[in-house]
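Data block below; observations after.
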Amino acid sequence: MEVKVLKSEEINNEVSNRIINLVNSNKNAILGLATGSTPVGVYKKLAEAYKEGKVSFKTIRSFNLDEYIGLTEDNDQSYRYFMNHNLFDHIDIDKNNTKVPCGLGDVEKNAKDYDAAIDAAGGIDFQILGIGSDGHIAFNEPGTSFNEGTHIAELTDQTITDNARFFAKKEDVPTKAITMGLASIMKAKEIVLIAVGANKAEAVKELINGKMSEDWPCTILQKHNNVTIYADEAAYSKVTK
Ligand code: PGA
């Protein structure tokens, strides 16, 4: 696991450049994308690079990590809406080639089909991840089996509280999501996790210093052979050297 401690702006530059280099060298690249505050700066840089003619996403495919259960695509709290608004509407990607798990209808079947679709596409080349203050990645909350594929997850009270800032009130936050599992995420060829801010410090400490344990889902990344952790000083502040 490589660890880089940088300022947030430097992290956004470095991660977006890695994605641009990948996309420019592999027209068939498959990106694993995330939502939340963390990747927004990276997506802005990608949109800028596209505008400046430095990259095209025309033939690129993507799979998102997760989606709330019960929200339609045009609901401005859905992760499909988030992705369109923060990235896809600003680049030349074909939206038919962008997949977000579907939290409507037969969600169990959607979950099974999602892993099959990723495998059929050839697997994710580059996965971008945020991290929850409780150490979750995607919506894999503490206690989730390391062996799970895409599945339906109950959000913890901590995550609901953390995400309430995006909603009018805490009661509006959905309590369930469809999420790629830890086993699905571990299949990605290359993983980049970004952690910014003091509220991520405990999780980053466990990720880097802790024992691998399902109590801290992020620690599964310790056994992946191509992971870079990008943290700012605040998120890195509890790590012991
Ligand atoms: P955030 O969420 O990017 O909004 O901090 C990260 C996460 O919960 O994985």
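Values in this text are rule-based calculations from the coordinates and carry no lab data. Keep in mind that what you see is a predicted model, and the values were worked out from it rather than measured. Ideal geometry is used to build each Cβ from the backbone, glycine not excepted, and the neighbour counts take in all protein chains shown.
Quick notes
- The range 18-62 - percent relative contact order, Cα under 8 Å, separation 6 or more: 62
- Taking the convex hull of Cα positions in the range 94-164, its mean projected area over all directions (nm²): 6.1
- Projecting the Cα atoms of 174, 158, 97 onto the dipole axis of the range 95-241, where Lys and Arg carry +1 and Asp and Glu carry -1 at the beta carbon, places 97 farthest toward the positive end.
- Radius, Kirkwood style, for the range 1-73 when every pair of distinct Cα atoms is counted (Å): 13.7
- Projected area averaged over orientations for the range 49-122, convex hull of C-alpha atoms, nm²: 5.3
- Among beta bridges that DSSP assigns inside the range 110-241, antiparallel share in %, nearest 5: 40
- For the chain, modelled as a GNM whose springs connect Cα atoms under 10 angstrom apart, the maximal fluctuation among 127, 77, 158 occurs at 158.
- Among beta bridges that DSSP assigns inside the range 27-183, antiparallel share in %, nearest 5: 50
- Over all other residues within a Cβ to Cβ distance under 9 Å of residue 98, the charged ones net out to +3, with Lys and Arg as +1 and Asp and Glu as -1.
- Across the chain, Cα-Cα pairs more than 24 Å apart make up 42 percent of the total.
- Summary of the geometry: the range 40-74 and the range 180-241, compared by the centres of their Cα atoms, lie 23 Å apart.
- Residue-averaged 222 nm ellipticity for the chain, from DSSP H runs of 4+ at -39500 (n - 2.57), nearest 500: -9500 deg cm²/dmol
- Applying both filters, DSSP loop and at most 14 other Cβ atoms within 10 Å, to the trypsin sites (Lys or Arg not before Pro) of the range 117-202 gives 169.
- Compactness relative to 2.2 N^0.38 Å, alpha carbon Rg of the range 88-129: 1.32
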